[in-house]
Amino acid sequence: MWLHATSGGKVLQLGPSRQMNWITTGGQGGITPAGNRADSQDAMTGNAVAYDIGKLVTLGGSPAYQDSPATQRAYTVGISGSQVQAARTGDMEHARAFSNSVVLPDGKVAVFGGQAYPVPFSDATSVLTPELWDPATGRFTPLATMAVPRNYHSVANLLPDGRIFSGGGGLCGDCATNHADGAVFTPPYLLNADGTPKPRPAIIVGVPPRTTPGSTLTVGTEGAVASFVLMRAAAATHSTDNDQRRIPLVSTPTAAGVHSVAIPADTGVVLPGNYLLFALDAQGVPSVARFLTVS
């Protein structure tokens, strides 16, 4: 299931079924319908990513877990209190099942691998071109082509330096489609047009190993810093990663290279757990992150 924890001990199950549901955790718990995901069909083998507070995007999938054509469709799902709004956004260039999606510190979402026709332990109909979704436009942009297919049992995760690890696939004993390797992808936000690295801001001091919801950090930086975000540490399996979430933070410069950074008090926004804290410049170029546990 695609599960997203929210305020008040509630969890939105927003897929892969076309019908979404609210799960409550008080008492003995309960489940109530939350409406359909717009005009989406069931989307087994697809995934969902939280790219902002109360905002998710769902990507690809297929009506059945295998042996049914995948879709190119993507949908946004917005949560406001108990209200859920779903809408179709731009289509991916490629239909994908068994792909993995990663939200970046700037709020864009990268999609890696997958198949146009899902068959476990197969590399047939593999998609080798990643795509990048921009929430500001709803459009997908193709990225540099991968050398190795990444399908069933593959993973993709954000790294502390703002790059993405993409690896695995197969893992069925002696299958010819096992890929016990990985690659590191450098997103466009880290590169100039000529391929050279962009200058990056840096976090110098002020990030403790542990903090609490509602706390305020005094963070020292170098370089131009426009904003901060928390990125929850990810745990991808079978194309699904319910741990990923991006949380933009309210920050105020208090002196040259010093910022007051507020951690939200709502534990339905900042779930207890491990996070990466990034500083970003005005163009969305991220620093190397600092690890931070919120509990």
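The values are calculated or read from the model by the stated rules, or taken from the named source; none is laboratory data. It should be emphasised that the depicted structure is a prediction, and the values quoted were computed from it without experimental measurement. FYI the Cβ positions are ideal-geometry reconstructions off the backbone, even for glycines, and counts take in every protein chain you see. Accessible surface areas use protein heavy atoms only, side chains included; no ligands, DNA or RNA. Shrake-Rupley method; radii C 1.70, N 1.55, O 1.52, S 1.80 Å.
Between G138, T196, G27, the Cα set farthest toward the positive side of the dipole of the chain (charges on each charged residue's Cβ, about the Cα centre) is that of G27.
P187 sits among other residues whose Cβ lies under 10 Å from its own Cβ, and their net charge, with Lys and Arg +1 and Asp and Glu -1, is +1. If you take the alpha carbon atoms of the range 1-49 and fit the smallest convex hull around them, that volume is 70 Å³ per residue.
Only Cα pairs under 8 Å and 6+ residues apart enter the sum, and on that basis the relative contact order of the range 124-171 stands at 29 percent.
Lys and Arg at +1, Asp and Glu at -1: add these up for the other residues within a Cβ distance under 14 Å of G162 and post the number. Neighbourhood net charge equals +3.
Translational diffusion of the range 141-232, estimated by Stokes-Einstein from the Kirkwood radius over alpha carbon pairs at 25 °C in a medium of 0.890 mPa s, is 148 µm² per second. Here K198 is the anchor, and the lysines within straight C-alpha reach of less than 28 Å, apart from those fewer than 8 places off in the same chain, are K108. For the chain, averaging the sequence separation of C-alpha pairs within contact (under 8 Å, six or more residues apart) and dividing by the residue count gives a relative contact order of 15 percent.
Computed about the Cα centre, the dipole magnitude for the range 62-139 is approximately 200 debye when only Lys and Arg (+1) and Asp and Glu (-1) carry charge, each at its Cβ. Extent of the range 77-214 along its three principal axes (Cα atoms, max minus min coordinate, largest first): 49, 39, 37 Å. Surface composition of the chain: carbon plus sulfur atoms contribute 55% of the solvent-accessible area (1.4 Å probe, protein chains only, all chains present). Expressed as a fraction of 2.2 N^0.38 Å, the value expected for a compact globular protein of N residues, the C-alpha radius of gyration of the range 182-276 is 1.26. Sorted from greatest to least, the principal axis extents spanned by the alpha carbons of the range 57-97 come out as 37, 21, 9 Å. For the chain, evaluate the Debye formula with one uniform point scatterer on each Cα (no solvent term) and list log10 I(q)/I(0) at q = 0.08, 0.10 Å⁻¹, rounded to two decimals. The Cα Debye sum returns log10 ratios of -0.34, -0.54. Give me the net charge of V269's neighbourhood, meaning all other residues with Cβ under 14 Å from the Cβ of V269; Lys, Arg count +1, Asp, Glu -1. With Lys, Arg at +1 and Asp, Glu at -1, the net is +3.
Of interest is the spacing of the C-alpha centroids, which for the range 200-261 and the range 12-27 amounts to 29 Å. Once the chain from D181 to S295 is taken as fully extended at 0.36 nm per residue, the excess over their C-alpha distance is 37.6 nm.
For the chain, the solvent-accessible area with a 1.4 angstrom probe is 42 square angstrom per residue.
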